[in-house]
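First up is the structure itself, then whatever we jot down about it.
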Amino acid sequence: MITKRLTEILERVENWPPEWQDQLAEIALDIEADIKNGVYQLSPEEVEAIERARQSPFLTEEEAASIFAKLRGA
């Protein structure tokens, strides 16, 4: 299923210069690879929450690093 928003932008992309179209295609391929590999991009809010957790007296630095690594997909 393709969203209305994506359909609209793809119609406009047809008028972009070929090198810009290729750039967009590379971005889409990167996103697709991340999806296939199960890579999750943390939001700035999630990174901030993890950093706050690292400062918590209830977690060791190793525990916080482990959580951060799991969320980053490392």
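The values are calculated or read from the model by the stated rules, or taken from the named source; none is laboratory data. All of these numbers come straight from a predicted model, not from anything done at the bench. Quick reminder, even Gly has a Cβ in these numbers, built from the backbone with ideal geometry, and neighbours come from all protein chains shown. Keep in mind that these areas ignore ligands, DNA and RNA; they rest on the heavy atoms of the full protein, side chains included. Shrake-Rupley method; radii C 1.70, N 1.55, O 1.52, S 1.80 Å.
Residue count for the stretch 1-14 satisfying the condition of being outside any helix (DSSP H, G or I) and either open to solvent by 80 Å² or more (accessible area, probe 1.4 Å) or in contact (Cβ under 8 Å) with a residue 12 or more places away in the chain (or both): 3.
Scan the stretch 41-59 for residues that are under 12 Å from the mean Cα position of the chain (by Cα) and not in a helix (DSSP H, G or I) and jot them down. Across the stretch 41-59, the qualifying residues are 41, 42, 43.
Residue check: is residue 31 among the β-branched types (Val, Ile, Thr), in a helix (DSSP H, G or I) and over 21 Å from residue 6 (Cα atoms)? Spelling it out, it is not the case that residue 31 is among the β-branched types (Val, Ile, Thr), in a helix (DSSP H, G or I) and over 21 Å from residue 6 (Cα atoms).
Any residue that is at pLDDT below 85, closer than 24 Å to residue 65 by Cα and open to solvent by 80 Å² or more (accessible area, probe 1.4 Å) - is there at least one of those in the stretch 32-39? Yes; the residues of the stretch 32-39 include at least one that is at pLDDT below 85, closer than 24 Å to residue 65 by Cα and open to solvent by 80 Å² or more (accessible area, probe 1.4 Å).
If you go through the stretch 15-74 and keep only what is touching a residue at least 24 places away in the same chain (Cβ under 8 Å) and among the aliphatic types (A, V, I, L, M), you end up with 39, 42, 71. The set of residues in the stretch 47-66 being open to solvent by 50 Å² or more (accessible area, probe 1.4 Å) and touching a Leu at 6+ places or on another chain (Cβ under 7 Å) is empty. Yes or no: the stretch 17-24 includes at least one residue that is at pLDDT 90 or above, surrounded by 10 or more Cβ atoms within 10 Å (Cβ to Cβ) and within 16 Å of the chain's Cα centre (by Cα). Yes, the conditions are met somewhere in the stretch 17-24.
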